[in-house]
1. Please determine whether any residue of the range 351-359 is under 23 Å from ASN434 (Cβ atoms) and over 22 Å from the mean Cα position of the chain (by Cα).
2. What pairs come up if the first residue lies in the range 75-96 and is without any contact (Cβ under 8 Å) to a residue 24 or more places away in the chain and closer than 16 Å to ILE110 by Cα, the second is among the polar types (S, T, N, Q) and in a loop (DSSP other than H, G, I, E, B), and their beta carbons are under 7 Å apart, counting only those six or more places apart or on different chains?
3. Filter the range 187-227 down to the residues that are among the small types (Gly, Ala, Ser) and within 16 Å of the ligand (Cβ to nearest atom), then identify the one that is most open to solvent (accessible area, probe 1.4 Å).
4. Being crowded, with 22+ Cβ neighbours inside 10 Å and either of a type outside the set (Gly, Ala, Ser) or in a loop (DSSP other than H, G, I, E, B) (or both) is the requirement here; does ILE126 meet it?
5. Go through ARG103, ARG136 for me and flag whichever is more than 16 Å from the ligand (Cβ to nearest atom), farther than 22 Å from GLY188 by Cβ and at pLDDT below 95.
6. Can you find a residue in the range 270-290 that is open to solvent by less than 60 Å² (accessible area, probe 1.4 Å), on the phi > 0 side of the Ramachandran plot and touching a residue at least 40 places away in the same chain (Cβ under 8 Å)?
7. If a residue must be open to solvent by 50 Å² or more (accessible area, probe 1.4 Å), in contact with a Phe, Trp or Tyr (Cβ under 8 Å, 6 or more places away or on another chain) and charged (D, E, K, R), how many such residues does the range 291-337 contain?
8. Can you tell me which residue among GLU60, GLU79 is touching a strand residue (DSSP E or B) at 6+ places or on another chain (Cβ under 9 Å) and not in a loop (DSSP other than H, G, I, E, B)?
Amino acid sequence: VGDFAKKIVCIGAGYVGGPTMAVIAHHCPEYRVTVVDISREKIALWNSEQLPIYEPGLYERVAKARGHNLFFSTEIDKEISEADIVFVTVNTPTKTYGEGAGRTVDLQFIEQTARRIKANAGSDTIVVEKSTIPVRAAETLRRILHSGNDGVHFEILSNPEFMAEGTAVRDMEQPDRILVGSMDTPSGLKARDELTKIYEHWVPAERILTTNLWSSELSKLVANAFLAQRISSINSISALCEMTEADVTQVGHAVGMDSRIGAKFLNAGVGFGGSCFRKDLLNLIYLCEHYGLHPVAEFWQKVVDINDFQMQRFVHRMITAMFNSVVGKKIAIFGFAFKPDTGDTRDAPAIHICRSLLEERAWLSITDPYALDNARKDLEGFPGEIDYGTDPYEAVKGAHAIALLTEWENYRGLDYKKIYESMEKPAFLFDGRNHLDHDALFDIGFNVYGVGKPA
Ligand code: UGA
């Protein structure tokens, strides 16, 4: 392993670390890249044919580079001691205890990692924060790394990821931008150039953005907050559409054609989910409160509130339409994942909606191509009757209603005539993602309810 120009180590073989390092190794054959993790199980999977996560294009890149310049290992201390650049991609979950519980980020894994880097670094090292963390977290890292300094210099950079699930490799290979934040000191700028040199292997120079450390840290939170805010904006309007015979799809289209507004991320639905949006919003809100900026905190809190309101509203509309009671009625849930093409259910709207329907004593029949194992865990211990199955035709048998919560492509191609025939009448269809052809369903005989559409 002696012939490499630089040694990169990435701590955390999860959703961010794995794909990021696979892409770096793929494009930078002269760098030796090692991903380390405390979990032997995870590392074994990364070294196998069955990677722990599925992303289009990931396996091909890993398979090509693995054993040449890409390695997965549990020897964290040894790898750190040889590294020139250490990426930190450990998870930063929301704190579940004590001060800031449910809102701020739990930084214990970041701190442990910093201590481990400090204990093992053999020479001057660049430390890159990639995990999403509160603004000024780099300061914490710096202080831990330089406490009782023994001659090794650490330079801290912020390099947040902007990958979405299902498009991680593409987002990394053809990014809108790569963001690198550094200190404005000679050693900070030198470290920054080391990192941008890596990305220049495949990213055009004009897409590599350099800022100060704090701007970079904050931009990650703000990007997700803005994306979530767009969804809450259109969802808030969907409520008004339902009252006024305006159609939210038409409104979104008309508004989005203004190039200053833009067309993307304006699909109304049952609300946003996923591991990031709520977490990052709550983190941003907590930061604003910490600095005494209460009106700013309240502004962003509303984005969360509207998302909760949207889910409640969806359930309320279902119950009202179904003659004010769903007690003992079978309801088929189409899709449980927080978005299509993933089995991930973290903070999925389906969790909240299903729990509310169970509280109303409905009987749920949940179908999803990939997310059923997670759905079972999410609803475990929740009182009520629930069936799970991958076949939508089974799920609808004898059901009073269908609630579509994830826009899986295959739900478009189903035989809705056959489905209608096997359901109780009147048969209701609540399309929480405006995914299906409502006119066609209406012609079959369904009572169709879209989001932000006249009933
Ligand atoms: C999101 C961001 O899109 C990434 O840029 C970011 O890097 C990532 O979080 C992160 O911080 O790690 P992701 O959570 O994978 O990515 O999912 P999105 O594709 O952004 O979707 C989030 C949620 O918004 C989904 O529940 C989706 O159904 C919902 N959504 C999205 C809408 O309801 N309407 C829309 O128009 C778009």
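The values are calculated or read from the model by the stated rules, or taken from the named source; none is laboratory data. Computed from a prediction, not measured in an experiment: that's the story for all the values here. Note that we place each Cβ from the backbone using ideal geometry, even for glycine, and neighbour counts take in every protein chain shown. Note: accessible area is taken over every heavy atom of the protein model, side chains too, but ligands, DNA and RNA are not part of it. Shrake-Rupley method; radii C 1.70, N 1.55, O 1.52, S 1.80 Å.
1. Looking for residues that are under 23 Å from ASN434 (Cβ atoms) and over 22 Å from the mean Cα position of the chain (by Cα), one finds at least one in the range 351-359, hence yes.
2. From the range 75-96, the pairs are LYS95/THR104.
3. Checking each candidate, the answer is SER219.
4. Here the answer is yes, as ILE126 does meet what is asked.
5. Checking each option against the conditions leaves just ARG103.
6. For the range 270-290, residues open to solvent by less than 60 Å² (accessible area, probe 1.4 Å), on the phi > 0 side of the Ramachandran plot and touching a residue at least 40 places away in the same chain (Cβ under 8 Å): present.
7. Within the range 291-337, residues that are open to solvent by 50 Å² or more (accessible area, probe 1.4 Å), in contact with a Phe, Trp or Tyr (Cβ under 8 Å, 6 or more places away or on another chain) and charged (D, E, K, R) number 0.
8. On the way: GLU60 fails: touching a strand residue (DSSP E or B) at 6+ places or on another chain (Cβ under 9 Å).
Answer to the check: GLU79.
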